[in-house]
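Read the structure below first, then the notes.
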Amino acid sequence: MNAFTAQEVTTHYVRVPDDRLELAVDILSDIVWRPALRTEDIECERQVILEELRMHDDEPEDLVQDVFTDAVFPEHPIGREVIGSTETIEAMHRPEIGDFHSSHYHPSNVVVAVAGNLEHDRVVELLEAGLDSATGTRPPREGYSGKPPPRPLAVLERPTEQAHVVLGMRALRHDDPDRYALTLLNECSAAACPRASSKRCARSAAWRTRCTRTGRRSRRPAFSPSPPGRPPNGSTSSSTCSTPSCAASSTTAASRTASSNRRAGHLRGSLALSLESSGARMHRLGRSEITVGEVPTLDELVARVDAVTPADVTRVVERVLAAPDRTLAAVGPSTRSASRDAAPSLQA
């Protein structure tokens, strides 16, 4: 049993043997609808989060992604760090947490996803038995207006050995018809990565680490294309890690990682392999229902990928990569001047 929070969702999940389904739903229902929120537990978790914040600040590869997102979506909640800040965590107490729970945790704001050896009607019966009658008070959120525009340059100076750079721009919503073409374009970016393993998916943390280590060994920039973004508006980017003296050339090379080569076969394989566990299937069900309001089958996904044409990819390049508002984010020592020198060519 565990939980995690992303930019726009909080997920509570549990995995048990199939003969313990009733117990799992009962415990999970208690946690979601009737949490104890004991003061001593909150204080314990506060210290855990503060420690995670300190660890996060020691990871420039992760920190540069936060700097980038904040610059792409300035003055908007989606651009803020999910974990919060030291100030917000220290100022948060039980009354505020309780008010947040009562406002957001209600049936109309929850999606339940279940996968494994089970019967649908039985799951519905168990969920209804543990359901809370609370209605919640959170008002509907307005759609993202796209304003203010993204900042072209964001630099955070840190005394690190390497400079970490991200170049990207706002992309497409999760429900945009061109999302499959953009995903295929990202596969092309993965193929263009220097020394990238053809057996690794662009979304893979191991693949990212391997690319970064390649850059450290050879002093060449190592690229890691990011998957397309999230609603209400996505973002796409390429990140690079290199020595500070190579930062300018790295950022220039990052702008050329998008390739027009077809990678549909690799993408089809990645889709199929990503559904090998019941946990992965459960997360896919919930994510699809929340983001696009439908759960396409694997065959339907493959058919949509196969339907992407070179003209579709070209259109996405023009819609996304050719957009004038690009953002360059950098974390490292003396990266401000190098980033400023590289920024004009990257915006051109």
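The values are calculated or read from the model by the stated rules, or taken from the named source; none is laboratory data. None of the values given here were measured: they were computed from a predicted structure. Neighbour counts run over all protein chains shown; Cβ positions are idealised from the backbone, glycine included. Keep in mind that these areas ignore ligands, DNA and RNA; they rest on the heavy atoms of the full protein, side chains included. Shrake-Rupley method; radii C 1.70, N 1.55, O 1.52, S 1.80 Å.
Out of 43, 61, one residue alone is touching a Cys at 6+ places or on another chain (Cβ under 7 Å), open to solvent by 40 Å² or more (accessible area, probe 1.4 Å) and either in contact (Cβ under 8 Å) with a residue 12 or more places away in the chain or not aliphatic (A, V, I, L, M) (or both). It is 61. Hey, does region 318-341 have a residue that's aliphatic (A, V, I, L, M), open to solvent by 40 Å² or more (accessible area, probe 1.4 Å) and either more than 19 Å from residue 184 (Cβ to Cβ) or at pLDDT 85 or above (or both)? No; the residues of region 318-341 include none that is aliphatic (A, V, I, L, M), open to solvent by 40 Å² or more (accessible area, probe 1.4 Å) and either more than 19 Å from residue 184 (Cβ to Cβ) or at pLDDT 85 or above (or both). Taking the conditions (1) touching a residue at least 24 places away in the same chain (Cβ under 8 Å); (2) farther than 25 Å from residue 326 by Cα in turn, residue 88 satisfies each one other than (1).
Each row is one residue, and each column tells you yes or no for (1) surrounded by 15 or more Cβ atoms within 10 Å (Cβ to Cβ); (2) part of a loop (DSSP other than H, G, I, E, B); (3) in contact (Cβ under 8 Å) with a residue 24 or more places away in the chain.
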position: 15; (1), (2), (3): no, yes, yes
position: 21; (1), (2), (3): yes, no, yes
position: 29; (1), (2), (3): yes, no, yes
position: 54; (1), (2), (3): no, no, no
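Apart from one condition, residue 150 fits all of (1) over 19 Å from the mean Cα position of the chain (by Cα); (2) at pLDDT 90 or above; the exception is (1).
Out of 304, 281, 315, one residue alone is in contact (Cβ under 8 Å) with a residue 40 or more places away in the chain, closer than 30 Å to residue 152 by Cα, part of a helix (DSSP H, G or I) and of a type in the set (Lys, Arg). It is 315. Within region 254-278, restricting attention to residues that are assigned to a loop (DSSP other than H, G, I, E, B) and open to solvent by less than 90 Å² (accessible area, probe 1.4 Å), the residue that is modelled with the lowest pLDDT is 258.
Taking the condition modelled with pLDDT of 90 or more and closer than 30 Å to residue 278 by Cβ, does residue 41 pass? Judged against the criteria, residue 41 is a match.
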